[in-house]
Each structure stands twice: as structure tokens, then as C-alpha cells.
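Structure, as C-alpha cells:
The values are calculated or read from the model by the stated rules, or taken from the named source; none is laboratory data. From a predicted model like this one, the values you see are computed outputs, not experimental measurements. For neighbour counting, all protein chains shown are included, and Cβ atoms are generated from backbone atoms with ideal geometry for every residue, glycine included. These accessible areas exclude ligands, DNA and RNA; they are computed on the full protein's heavy atoms, side chains included. Shrake-Rupley method; radii C 1.70, N 1.55, O 1.52, S 1.80 Å.
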Amino acid sequence: MNWYQLSGEKIMDKLSVKRSVGLTKATAKLRLDKMGPNQLDAKKDRSLFFLFLKQFQDFMVLVLLAATLLSGLLGEYVDAIAIIVIVIINSLLGFFQEQKAEKSLSKLKELSAPVAQVFRDEEWITIPSNQVVPGDIIKMTGGDRIVADIRIIEGESLEIEESALTGESMPISKKTKPILEDGLDYADQKNMAFMGTLVTKGNGIGVVVATGMKTVMGQIADLLVQTKPQPTPLERRLADLGKVLIIVALLLTAFVVLLGVWQGHPMYDMFLAGVSLAVAAIPEGLPAIVTVALSLGVQRMIRKKAIVRKLSAVETLGSTSVICSDKTGTMTENRMTVKQIFTNQQMIHVTGEGHGLTGEFYQGQRQVAGSFVQDILLYGMICNHAELRKKNKQWQIDGDPTEGALLVAANKAKLSEEDRKKFKIIDEVPFDSERKRMTVIVEDQNKQRFAITKGAPDVLLPRVNYIADENGRRPYTSKDQNRIEKTLNDMTGDALRTIAICIKPLTDETTTDSYMVENNVTFVGLVGMIDPPRKEVKKAIRACKDAGIKTVMITGDHAKTAEAIAKQLDLIPLNGRVLSGSQLNQMSEHDLRDQVEDVYVFARVTPAHKLKIVQALQGNGHVVAMTGDGVNDAPAMKASDIGVSMGRSGTDVAKEASALVLLDDNFATIQAAIQEGRNIYENIRKFIRYLLASNVGEILVMLFAILLALPLPLIPVQILWVNLVTDGLPAMALGLDQAEKNVMKTGPRPVKEGIFSRGLGFKIITRGLMIGLVTLVAFVTAYQNTPEHLTYARTIAFTTLVMAQLIHVFDCRSEKSVFARNPLQNLYLIGAVLSSIILLLVVIYYPPLQVVFETVELMMRDWIFILALSAIPTVLFGFTTSKDKSNNKK
Ligand code: ATP
């Protein structure tokens, strides 16, 4: 027997689970231990040893190893050992950087792992999907990715798209009854939901029958290709840049070596110097540091409740010029409270805040009994999926907040769950943001059937033919219509979210066609609820504005409600416009592009409109972030430059389509992520600037010395040491630097902006040149004074080069001037610089290392000379840039 052939009860018997209880937590744990986690066997993690070995694949490391071998063969054991030690330390550094990057990437994956809602110990709980076990009773809702193989036992209009399994992209309508036929294909097993497929519509409940590798998907998992993470555009651009730099460095090195040999320097010395110089000049650590900077930045974002699903999003965030954000739940709290009810031609005000179940009803100043509004609230309660639950002595809503608010109001009118249960739901047309309404067909205790429809008033009112009154109902007149429209206008003007509630008695028992039941309906009333703006959003919108980023509200809500909220949030400027979905329908793509710059609120839109809006904005050259939570939002999110999904309320589909997930569904988090994204990019610029200027300095000092027919100012191990110490820690610390104050005060970075733009290339060349020059001056001065003491002069040059770089690192923290920032702010950098200085002192003063690095002790006056020289590149440019700035100000 196959699962699909058995009835729901049989399956639950077989799997020892009761629908009313679910699995107990203890049974679930036993089953999890026995069956293993519900996941497709993940690719084995690469071993650490492999990662370490990988470091030796690097071309320059291999060259160094060859150089070690040569030194060894020539009997230069000190050189050989020094080089090998440096290679090993270098590889360890690379290894730790890469390991850190891998770890944080897998942590990211864990955080965005899917969850499932299961019924255990008589309550619905949310668990990570890998904890689901056979026998679990599980909920499926539109937008969910199915997490295991499930036999569906309850379902309302459940539709599942199974292309992941069958290749068929048309959703399949699911059933709950057993199917008796033998040997059915997966596509024909209409009462089953398979792992990896997608709920496109409706709701359902099922029993998990297989998990992990036992699922149909698990059996074909071997066929699935594991996709390798793609390098981000920045990483790709840097890799290209790296290639160019390698060629330039090799050419320069070759030039230096040939010139040196021609001038009579010994071959071996020049070979080793050449190799060391090439190693030093090539910023081989760059890609790893970029990845570390990106992934550490991403971890900072997680602390701010934003998860980046694609590393490339970090760069795009910095270029974002428009954020299109949903209103409900993202800009507002999604804590709805019913405030006004319009029924029986009367406006009733409701008191009480939040989810508290006590409140009174007032007509003007006069308190009225709850019975006055009981009818409309009863309908609102029946046409409703939410549930009220008490947790920690507080009432909480399980389900849609709009529906929850209706339940709370019904409780205030003394209606209870018992009243709701008197009505049997026969059929349902679920709510979706396209239709903006929901209908249930119910049967009362007298077997009388009728339909209840609730939804956006402007969608329902055109379908109204009758209006409910004391005697039942009467025809709907234009006077009623005017009255209702005026009321609606007042309610929406007060920023209330409105719902109309209508009913329709069904005489013909077979009428379940949604067109029939949702037309010619009887108007019962309007319900208005508040959903206050989140406190932090106003500030975030302001910050975005300062950063040259426009915020656009996109909502399914009524235009006036949306506008009122937009005003409360200072989102809409004086000349800003509100455009509705129906106006959008009238507009050509071209018209929309013309007008979109002035529009700040799009109201009563459907997900399909979102795509049109994204395209219009992109057509005008914007980089667009678009939020979304439902299945239908996915196309617009994918088309946008940054899809942003909601961690709490978002569907799996929306999350999969997004680059950024907001753990708290909060607009302010997008702003925080953009700020962090900009900062990460700036930090990457900082260490590129530092690394390349250092390398330019190193090459130039050697080149100048050779051109001037001087002895080599640095010996190979010294160059390697400089490369290792200064390139390693200080560069990493720059990657962790705090943002400059103005990161959110300048406009978004143009997408096409190159890495070297905004004067970075100029800074690298000029600072590098100066570092090379002061090192040369230090060398020449020391050498001239005591020509017989070449070792002394080299120690001076070596120390000057290191100190010049360690001072210059502070210059790299600011786009403006070294004096623009407090140098003590970045403690990582202080630590990195101090430890580099300690390592420098060890090399200069520790006798055994003096032999290896050919250094001698330095005196006080040497240090004064060195520090004065090495400060020049930074201080000089510090002054000139500050002066430029003050001139500009004038
Ligand atoms: P946003 O896109 O900002 O999240 P929204 O959540 O208000 O907007 P929808 O959920 O599409 O957008 O709701 C649109 C309208 O549909 C609401 O203004 C309301 O009138 C109506 N509505 C919302 N939820 C329900 C529901 N559960 N049942 C019936 N009607 C609803």
C-alpha cells in the first residue's frame, strides 16, 4: 500500500499519532534520534587540512618555495629557513582568514534555514525544518516550501507547484481523500505534498510520512547539482585587478632584477630579491581580506537583524537609491486594533488598546451595548483563520493581525469561541493580496447556508446590492452609497485600515462558485482599525533621505490610509504624489517612468504592480530595493536590485527570491543594512588603498636604489617580513574600521564606479611614492655617513619603511585627511599596529633574529630620524588635504 491509498486516519494510526494531540515532544525526539535530521545529505565540509594545503596552491607561494629550495641548495640555510618560516606563517594567516570566511558563510546559511509549523503536545509550534519527523502533523500555507513528504489530510483550496520534482510548472489542486489506484506517478498523487515543492495557494494540514533522504526528493538528491557560491562583482573585479597587478609587479621586478644584474649585483642576491619583491608587490592577501571584510560586515548586519543571503548584495546595498517598502508590518507595527465600526447606519467607537480583550463601545459620547455590533463582529469572527492564545498572561494572536483584531473586537462584544463554532465552514475562497477579499460559505445550526465576504471596501462595495437592516435587508440605494463613501473617507483620512463585511444568503445549496457568492451581496458594515507606525521608522526614512535614498511606500491598503500614515512618517514631501493601483493600470510604462520620480506612495496595488514600479524606477537609472512577503511578490523582488524579504511574516518563496532578509520585518533594518553595506565598501577601499600604497612604496625604493646604482636597501627576508607583518594585521583591522561620520550624508555610490575612483588611485600613487622616497632618503643618509655599515643603513631603511606604512595606515581611514578622525577609535587597528611594532623591535633587538634579518640595534637618535622621516608621507598629505578643504569651504 502507498501512502496516497490510505485514509488520513489509517496513516495516523500507522504513525502512532493523534490529530488532537500531535506527537509528544518526547516521541518526536526519539524519532529524530532514530531517523536523523530532516535534510538532504549535505556536501561534506572540506577538511581543515585541505584548506591549509590549498594555501600552497598560490602561485607566489610556490615561487617562494622554489626560492627556498634554491637557497638551500646553494647552502644559504639561514635564508632558506627564514623564507620557509615566513611561507608557513603566511599560509597560516591565509588559512585562518579563509576559515573565518567559510565559517561565517555557513552560519549565514543556518540563520536563513527554513522553519515548519507542527502540532505537538496539543499546540502549534514553529521548529527548524530539519527537526521535523514522520508522524508530525504539519501546517502548509501559501508561499511555503514543503519540507518533507506529507499526506494531506485537511485542506482548503490547496494548490502546489511541483516543478522541482516533476518539471511541471502549473500548480496542482490538492485533495485530501485517499486514491485507490495503484502505481500512480508523483504528479497524480493528489493527496500528497512532496519535499521541495511549493504551496502557491490555500492552506492545508498533513501528516509527515517521510523525511530527509527517505523522501522522494532525497531519492533523487544525488542528481541535484550543488551550486557553488558565485564570486560577487566586487570580488570578480578585484580578481581582475589582481591579475593586472601581478603582471605589473612581475614586469617591474624583472626590470629591477635585470638592472641589478647588469650593474654587477650577484645573481643569487638579485634572484632572491626579485622573488621577494614580486611576493611583496603582489597583494595576494587581497581576495581573502575582501571576503573576510564582507563576511564580518555581514555578521555585523546580523546583529542589526539583517541577513544577507547573497554576498553581492552588500555591494549593491551601497548603491541603492530607492527603497520600495511595504507599509503593513514593515513601516507599521502590524498590531491592529479595531477602533471604529460602522453598522446599522451608525458609527461606533471602540475603546481598549492592543490585544487586551476588554473595551467598550460608544456612539458619540453614549456608551452602547456590545450587542449593537455583535452581528458584524460575529461574521468577522467566522470568516477568520486567526486564533487568540494566552501566553505569559497576555493575549496573543496566532495568524493574520487583521483577523486577530476582529477576534479581539468580537471578544469585547462578548462573543466567544463557542459562538464561532456554531457555524460549520463548508467552503472557502482564501484571502490574497490580488483579490483583496476572502469568503467563507457556512452552515448555521438550522442548516441554513450563507456566504460571508470580508475585504477591501472599494473592492466589495461595487458588488453590494442590499444593505442589512433591522428587518433583514433592503435594497442598497445611492444614498446609502454616498453615506458609506463619506464614512470611508473619514475613516481612511484618520489612517484607519478598513475592512468591509458583507453576507449573502445562499438558497441554492450547490452554489459555491466564487463569482456567484461574492456578487450581489448584502452590506453589513465597515470596520476600521489602527496600525501605528513603528517608532524608529520616521528616523530611518530621514536618514535615508540624507543619504540620497528615496523611500517609497507600496501598499495594498487604501490610498488615503496610506497617505495618512506616510504623512505621519514624514515620507511624503509637499509636492509628493500618491498613485493608486487603478491609476497605474491606466499608465503606459513610459508614462510611469515620467511620473514615478514624484510618487512616494503607491496604494491599492497588487503584487503585479510592484514589478511595473521596479522596472520604471530601474528604467530611470535607479538601484531599487523592493520588499515583499508573499508568493506573488517574488517576481518583483527578483527583478529588483535587492529583494528584501520578511524574516517573520515572509513566505519561503519570498525569502528564496530575496537577497536580504529582515529578521524583525522592520523598515529601519533596511536603512541599517544600507549603512553597513556602504561602510563595508568603504572599508574595502581603505585596505586596498593601504595595501597598494605599501606595495608601490616597496617596489619604488628598490627601483630607485638600483637606478641610482646603490646597494639593495632591503634584503629579501626583510621584504618578506614587511609583506607579512604590515599587509596582514593592519589591513585586516582596516576592514573592521568604524564608518566615517558622513557615510549616510552623501548620495549613493554610482554602480559603475570603479574601485580607484574618487581619487583613490591618485592617493595610492602619491603616498606610495612618498613612502618609497623617505625610505630611500633614510637609506642613503645612513649609508653615506657610514658606507662600511651597509647592515646599519639597511636596518634604518627597513625600519623607516615599516614605520611609514604603519603611520600611513591611519591616513587610509579617511577619505578626507588623517586629521579628520580620532586615531584611537579603531582598537583593532591600534592592536595591529602595536603588535607590528613589537615584531619589528624583536627583529631589530633580538640577537638570533638579528642574524636572520641582518639587522643591528638602533639608538635613540636613529629612532628620532626614522620617525621624523616616516611621518612625512602621511602628515604632508594630511596638511595639504585639510588645507584644500578649508579653501573649498571659503
Ligand atoms: P502591504 O502591502 O503594505 O503589506 P497590506 O498588508 O495592507 O499592505 P494587503 O494585505 O494586500 O495589503 O491588504 C489589502 C487590503 O485587503 C486591506 O486594506 C484590507 O482592506 C484587505 N484585507 C487585508 N487583510 C484581509 C483579510 N485577512 N481578509 C479580508 N480582507 C483583508
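Worth a mention:
- Candidate set from region 590-601 (those that are open to solvent by less than 10 Å² (accessible area, probe 1.4 Å) and touching a helix residue (DSSP H, G or I) at 6+ places or on another chain (Cβ under 6 Å)); member that is farthest from Ala547 (Cα to Cα): Leu592
- Some residue of region 658-672 being in a helix (DSSP H, G or I) and at pLDDT below 90: no
- For region 605-643, a residue qualifies if it is in a loop (DSSP other than H, G, I, E, B), farther than 17 Å from Thr330 by Cα and within 19 Å of the chain's Cα centre (by Cα), and the qualifying residues are Val623, Ser640, Asp641.
- Restricting the search to helices (runs of 4 or more DSSP H) fully inside region 548-604 and requiring at least 1 residues that are within 16 Å of the ligand (Cβ to nearest atom), outside the structural domain of Thr487 (by TED's automatic domain parsing) and at pLDDT 90 or above gives 559-568, 581-586.
- For region 427-454, the tally of residues that are within 10 Å of the ligand (Cβ to nearest atom) and on the phi < 0 side of the Ramachandran plot stands at 11.
Residue-wise test of (1) assigned to a loop (DSSP other than H, G, I, E, B); (2) farther than 18 Å from Ala293 by Cβ; (3) touching an Asp or Glu at 6+ places or on another chain (Cβ under 7 Å); (4) polar (S, T, N, Q).
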site	(1), (2), (3), (4)
Ile807	no, yes, no, no
Pro823	yes, yes, no, no
Ser836	no, yes, no, yes
Leu839	no, yes, no, no
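- Some residue of region 686-702 being in a helix (DSSP H, G or I) and of a type in the set (Phe, Trp, Tyr): yes
- Enumeration of residues in region 381-430 that are open to solvent by 40 Å² or more (accessible area, probe 1.4 Å) and polar (S, T, N, Q): Asn392, Gln394, Gln396, Asn411, Ser416
- Selection within region 831-843 - surrounded by fewer than 19 Cβ atoms within 10 Å (Cβ to Cβ) and touching a residue at least 12 places away in the same chain (Cβ under 8 Å): Gly831, Ser835, Ile837, Leu839
- Residues of region 373-425 that turn out to be out of contact with any Ser or Thr (no Cβ under 8 Å at 6 or more places or on another chain), in a helix (DSSP H, G or I), more than 15 Å from Gly356 (Cβ to Cβ) and away from the ligand (no atom under 16 Å from the Cβ), as a count: 5
- Subset tally (residues that are within 22 Å of Val132 (Cα to Cα), open to solvent by 30 Å² or more (accessible area, probe 1.4 Å) and charged (D, E, K, R)) for region 143-158: 3
- Listed by first and then second residue, the pairs with beta-carbon distance under 7 Å, at least 6 apart or on different chains, first residue in region 516-543 and under 30 Å from Ala468 (Cα atoms), second assigned to a helix (DSSP H, G or I) and acidic (Asp, Glu), are Val524/Asp375.
- Single match in Met213, Met140, Met195 (criterion: over 25 Å from Val429 (Cβ atoms) and surrounded by 24 or more Cβ atoms within 10 Å (Cβ to Cβ)): Met195
- Within region 469-510, the set of residues being more than 16 Å from the ligand (Cβ to nearest atom), of a type in the set (S, T, N, Q) and touching a residue at least 12 places away in the same chain (Cβ under 8 Å) comprises just one member, Gln481.
- Pairs with Cβ under 7 Å, 6+ apart, first in region 437-457 and free of Cβ contacts under 8 Å to residues at least 60 places away in the same chain, second near the ligand (Cβ under 8 Å from one of its atoms) and outside any strand (DSSP E or B): Met438/Cys383; Met438/Phe431; Val440/Cys383; Gly455/Lys436
- Restricting region 608-654 to residues that are of a type in the set (S, T, N, Q) and free of Cβ contacts under 8 Å to residues at least 60 places away in the same chain, the residue that is most open to solvent (accessible area, probe 1.4 Å) is Gln615.
- Scanning region 196-222 for residues that are free of Cβ contacts under 8 Å to residues at least 60 places away in the same chain and not β-branched (Val, Ile, Thr) yields Gly196, Gln219, Asp222.
- Some residue of region 280-300 being on the phi < 0 side of the Ramachandran plot, open to solvent by 10 Å² or more (accessible area, probe 1.4 Å), within 16 Å of the ligand (Cβ to nearest atom) and out of contact with any Asp or Glu (no Cβ under 7 Å at 6 or more places or on another chain): no
- Checked against (1) among the charged types (D, E, K, R); (2) open to solvent by 70 Å² or more (accessible area, probe 1.4 Å); (3) within 18 Å of Met381 (Cβ to Cβ), Arg437 meets all criteria but (2).
- Of residues in region 312-358 being among the aliphatic types (A, V, I, L, M) and more than 34 Å from the chain's Cα centre (by Cα), the one nearest to the ligand (Cβ to nearest atom): Ile341
- Matching helices (runs of 4 or more DSSP H) fully within region 245-354 where at least 2 residues are over 21 Å from Leu734 (Cβ atoms) and of a type outside the set (Lys, Arg): 267-281, 312-319
- Scanning region 625-652 for residues that are acidic (Asp, Glu) and closer than 17 Å to Leu198 by Cα gives Asp629, Asp633, Asp652.
- Annotation: Arg534 fulfils all but one of (1) within 15 Å of the ligand (Cβ to nearest atom); (2) open to solvent by 70 Å² or more (accessible area, probe 1.4 Å); (3) under 36 Å from the mean Cα position of the chain (by Cα); the unmet one is (2).
- Members of region 478-493 that are more than 17 Å from Val459 (Cβ to Cβ) and either open to solvent by less than 90 Å² (accessible area, probe 1.4 Å) or not in a helix (DSSP H, G or I) (or both): Ser478, Asp480, Asp490, Gly493
- If you check Phe687, Phe704 for being at pLDDT below 90, open to solvent by 10 Å² or more (accessible area, probe 1.4 Å) and of a type in the set (Phe, Trp, Tyr), only one passes: Phe704.
- Condition met for Thr522 (more than 16 Å from the ligand (Cβ to nearest atom) and open to solvent by less than 10 Å² (accessible area, probe 1.4 Å)): yes
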